[in-house]
1. Restricting the search to region 53-62, which residues are surrounded by fewer than 18 Cβ atoms within 10 Å (Cβ to Cβ) and touching a helix residue (DSSP H, G or I) at 6+ places or on another chain (Cβ under 9 Å)?
2. State yes or no: is VAL42 assigned to a helix (DSSP H, G or I), in contact (Cβ under 8 Å) with a residue 40 or more places away in the chain and under 30 Å from PHE116 (Cβ atoms)?
3. Which of the residues spanning region 45-66 are free of Cβ contacts under 8 Å to residues at least 60 places away in the same chain and among the small types (Gly, Ala, Ser)?
4. Kindly establish whether ALA14 is surrounded by 13 or more Cβ atoms within 10 Å (Cβ to Cβ), part of a helix (DSSP H, G or I) and touching a Phe, Trp or Tyr at 6+ places or on another chain (Cβ under 7 Å).
Amino acid sequence: MNFLKIAAISAAIAIALGAFGAHALNDKLVADDMLEAWKTAVLYHLVHSVALFSLSIRSGGVETRQSSLAAWFWLGGVFLFSGSLYGLALGGPSILGPITPLGGLSLIAGWIVLAFSSASK
């Protein structure tokens, strides 16, 4: 899997969604907490895109089992955590709320895997 390209595309999407939130949603979202939810989603999305990019650069294109697992946890976490917050901010169903912590756990799991991997040495 080419995590470097995925990271770059993910970061571009995060930046686009951040701009969308700042310009198109600022006046559309009635509740301030929904704008904050959007900002949180963008922040975690972008941070983990950069982390994935950094991991890919550091590995020099050679993926270890642990770095690949960390990358998948981060991608899943961005999808679940940020994706559910994006959905909630846009007025999606309340069922998205319980998905957010699962995404957070996935992000945390990625960091834990990385901490104990050979790539962290």
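Each reported figure results from applying straightforward, stated rules to the coordinates on display, with no laboratory input. As the structure is a computational prediction, the values presented were derived from the model and not from experiment. Note that we place each Cβ from the backbone using ideal geometry, even for glycine, and neighbour counts take in every protein chain shown.
1. Answer for region 53-62, where residues must be surrounded by fewer than 18 Cβ atoms within 10 Å (Cβ to Cβ) and touching a helix residue (DSSP H, G or I) at 6+ places or on another chain (Cβ under 9 Å): SER54, ILE57, ARG58, SER59, GLY61.
2. Spelling it out, VAL42 is indeed assigned to a helix (DSSP H, G or I), in contact (Cβ under 8 Å) with a residue 40 or more places away in the chain and under 30 Å from PHE116 (Cβ atoms).
3. Hits for region 45-66 are SER49, ALA51, SER54, SER56, GLY60, GLY61.
4. On the way: surrounded by 13 or more Cβ atoms within 10 Å (Cβ to Cβ): yes; part of a helix (DSSP H, G or I): yes; touching a Phe, Trp or Tyr at 6+ places or on another chain (Cβ under 7 Å): no.
Against the criterion (surrounded by 13 or more Cβ atoms within 10 Å (Cβ to Cβ), part of a helix (DSSP H, G or I) and touching a Phe, Trp or Tyr at 6+ places or on another chain (Cβ under 7 Å)), ALA14 does not qualify.
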